[in-house]
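Just below is one structure, and these are the notes that go with it.
Bear in mind that the values in this text are calculations on the coordinates, not laboratory data. Quantities reported herein were computed from a predicted structural model and do not represent experimental measurements. All Cβ positions, even for glycine, are placed from backbone atoms using ideal geometry, and neighbour counts span all protein chains on display.
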Amino acid sequence: MSSSDRSAAEPDSARSTSSIQRSLVFEGPGRRRDETELLHCLTNAMLMRRPREAPELDLRKSFGQAMVGLAAEKGVLLRVRQEGSLDVEILCAIGLSPQDEAACCELRPSHDIAPTLLRQAIVNAQARLIEDSSAPGLDAIPPLHGPLSVLCAPVADSLTGGVVAVLYFQNEARLAFEADDLEWLSAYAAALGQALTLHLSGQQFEAEWRRVHNDGGPEIVGDSEATRQLGETLNALLPSTTRPDAPAILVTGESGTGKELVARYLHHYSPKRSRGPLQAFNCAGLRGELAESRLFGHVKGAFTGAISDAPGLLRAANNGVLLLDEVGELPPEGQAILLRVLETRTVQPVGDTKCFPVDVQIVLATNRRVEEEVAAKRFREDLYYRVSGLQIELVPLRDPRRIADIRPLLGYYLARHERALKKKTMGLTRDALRALLQFPWPGNVRQLSNVCSSLVTQTPPGAWIDVADIQRLRPDVLSGPKNSNPEAYLDTEDVTYGEALRAFRKKLILDRLRRHGNSAFEAAASLRISGPTFYRYWMDAKRFP
């Protein structure tokens, strides 16, 4: 086959790649920036925000155009899989040797490239231009093959602001990049951030779909630091569940934050408790003899209506886990019974003369602040001391520490309800996802799951779930107040500078007040502003949004 025949037979993607590689031959003493290629690069990056069949090919094409437009000798686009642990992978690379690529993936020093700058871009989330690496104080770039010029910029998730990728371009110092190149790279990184957010969200929803299908065990779903710490805490508590005198575990948090999930997790993954039953009971309304009967059991004829023996919750959960929900509602007589069980590890059914040993992991859950209940004499102080040794506090979804959990939770519950209905939608559009991220979720995970159920149930198979669908099916989500935390509020594309400033100022003012025990004087002093200025900002924070 002739060369012309081969050219005609090549697919468009192969021809575009080869033409890019041919364009990377530099002629003459200076660097030749190609404005046309840079314009095409930005245009293609913005087009990637639309649903497309092969986004990876579009991404490689756009990156190749950036290389040509910047007249760069080497370039790499790294995806940040795990920001905290600096786990990265290469999405696109041009001009790098296998050794260079390995150094980038491991973020370790190399003689031909500067992975240290990649690491700094992830950690500091700042773009950087180095015109000449031989300048004093720039020890991050290896000098083996002479001074270099480097452009490096983080690519931020357009919804959460976290670093999802890093762009890196390199030349010899004699072909140095300039300030205009850094300005263009910042715009390119912003466009890629929106495209990658949409693309990675789709991948994440698909991953959650597969995970729900393949694993029946309870999972702690979320990407936030608070959720990661919760998983670590639960895993650290699992060994204690194997003890015959397993200490009680107290779980606090608002309704819907997942207190029952904690009990199911401990039961499922405990090597001992998983072989026994899981019993759950709501303590509200237990009074007098009824409380003792439900917990300890009774024998036939022990009281009016006791027509047969009943083992009680504690014996029914023997060798397993007993979840006592809303334990803050347990009346004093029920608290005394529970304290006796925790101290003796035995139960005596009502009307019986015998005691029975029990080996059970007790999990107590409440949405009340137990310390306040103790101070108000509504919860026994000695019982609190007995159960507060192992305590887990669940954070509500509207808290800034958990905003990063909303997107994976949406993916998880959409997949879960699709599985139950045996149907598959296309998932959430970008605007729909943005709207759900800004909702404060007063009902927390329980409410989020309910909304996902409504959307999946009433969306046709193969269709996208858009803002119009949310407005039609769950108008309360769009008409209610938005999450006042800046992390969620600033996700709106039409936010103004003034609104952004007020959002961050509100967060700063309220955080300082909390740190200084609601003392406006101390909070103002810590910010080095006058009392009247602080008070004016405080009043504005109360009115916004």
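Overview of values
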quantity	calculated
Cβ-defined net charge surrounding residue 167, 13 Å radius [Lys, Arg +1; Asp, Glu -1]	+2
Residue exposure sequence - 521, 296, 534 - by fewest surrounding Cβ within 10 Å	521, 534, 296
Net charge contributed by nearby residues that have their C-beta within less than 11 Å of residue 335 (K/R +1, D/E -1)	-1
All-pairs alpha carbon distance profile, the stretch 390-481, 5 Å steps from 0, percent	3, 14, 26, 26, 17, 8, 4, 2, 1, 0
Amide H within-cut-off set for residue 164, under 5 Å, with H built and near neighbours excluded	155, 156, 157
Order of 265, 385 under a 10 Å beta carbon neighbour criterion, fewest first	385, 265
Neighbourhood charge, 10 Å Cβ-Cβ cut-off, centred on residue 241 and excluding it, Lys, Arg +1 and Asp, Glu -1	+3
Burial ordering of 325, 87, 112, 181, fewest other beta-carbon atoms within 10 Å first	87, 112, 325, 181
Those lysines that a straight Cα-Cα span of less than 17 Å connects to residue 61, excepting residues fewer than 8 apart in one chain	74
Long-range HN-HN contacts of residue 88 with modeled amide H, under 5 Å	81
Partners for residue 506 among lysines (Cα-Cα distance below 28 Å; same-chain residues under 8 apart left out)	482, 542
Amide proton proximity set for residue 424, modelled H, under 5 Å, gap of 5+	462
Overall form of the stretch 496-543 per C-alpha gyration tensor (a/c, 1.5; a/b vs b/c)	prolate
